[in-house]
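The values are calculated or read from the model by the stated rules, or taken from the named source; none is laboratory data. From a predicted model like this one, the values you see are computed outputs, not experimental measurements. Cβ: placed from backbone, ideal geometry, glycine included. Neighbour counts: every protein chain shown. In case anyone asks, the SASA skips ligands and DNA or RNA and just uses the protein heavy atoms, side chains included. Shrake-Rupley method; radii C 1.70, N 1.55, O 1.52, S 1.80 Å.
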Amino acid sequence: MRVRGLPRSRLPSGVRAHATLAAAGIVGVVFLLGGAALVLLLQNSLTSTQLDSVSIVVEEDATVLANDGVAALAQNETDHGPDGVLVQVISPAGDAGPVVYSSRAGRTTPASSLRPPPGVTAVSGRWAVPWPGRLHEPLVVAKGVRAGGAAYVLLAISSQEAQREAVRTTAVLVALAWPLLVALTAVVTWWRVGRALRSVEALREQVERIGSRRLSERVPVPPTHDEVADLAVTMNEMLERLETSQQTQRRFVADASHELRSPI
């Protein structure tokens, strides 16, 4: 009972190959999308945390500047200035007004072109849709402050180099893990599908051994209660119908032969 027109050796390997490719492809795409989402969420989280920290500095310094002036701000920064954050106060003399205060000596050039009016806060270095390459730019929080009848711009600038390195490291790890996970999925799927197809191959070999003179034999039903077991049960039912049909045919031929030998 051999299926003609289909090479026996290609049936299991074809199923294995298709199942392996499908599993590896799905896992690869899902992991790639998940990894990209992880990198972007990590960047967004780190940028949001840094923005909150820099905004606190701006609000505190803006209060000191508005109440006590530039000199008091310089004293406050000396006593409580944050590490890694450059604070500048820009005078109202034009868009490129002189820096009347800088928390770092020698930084007399405005570090940003942001010039919000008094009471307004502006941010640069953060985007609604973050992208790892944009972390090369610093995070800047600017607030317009009115002090002593004049309008100033308070700038707080923080480098995003540490965040960029964290995002880059995560992206590299995701890129390295992606082919390993796809390969592992392919190997495991190939092995598991091969084990599942062993039962099918055993059924095929047993059915092939059953000839027209051995229709009383049956294929073993595996105790797995799955599709393979259902296939074995169906094959046994088919063999039983074939055996019944053969027995009926033999009885008919025997009766016909007997009637032909008997006198009318």
Can you sort GLU208, GLU237 by solvent-accessible area, 1.4 Å probe, largest first?
GLU237, GLU208
Per the 1/(1 + (r/R0)^6) rule, R0 = 22 Å and r from the Cβ atoms of SER48 and ALA175, FRET efficiency to 0.05 is 0.35
Projected onto the charge dipole of the range 116-203 (+1 at Lys/Arg Cβ, -1 at Asp/Glu Cβ, origin at the Cα centre), which of ALA186, ALA175, VAL141 gives the Cα projection farthest towards the positive end?
ALA186
Under 5 Å, built H, 5+ apart or other chain: amide partners of ARG104
VAL87
Between ARG195 and GLU137, what is the label-to-label distance in nm when each label sits 7 Å out along the Cα-to-Cβ direction?
5.4 nm
Once you put a point 7 Å from the Cα of GLU60 and another 7 Å from the Cα of MET238, both along the Cβ direction, what distance in nm separates them?
8.1 nm
For the range 96-207, count all C-alpha to C-alpha pairs, find those more than 18 Å apart, and express that count as a whole percent of the total.
70 percent
At 1.4 Å probe size, put HIS225, HIS18 in order of accessible surface, largest to smallest.
HIS225, HIS18
So, in nm, how far is label LEU184 from label VAL221 when the simple model puts each one 7 Å beyond its Cα toward the Cβ?
4.0 nm
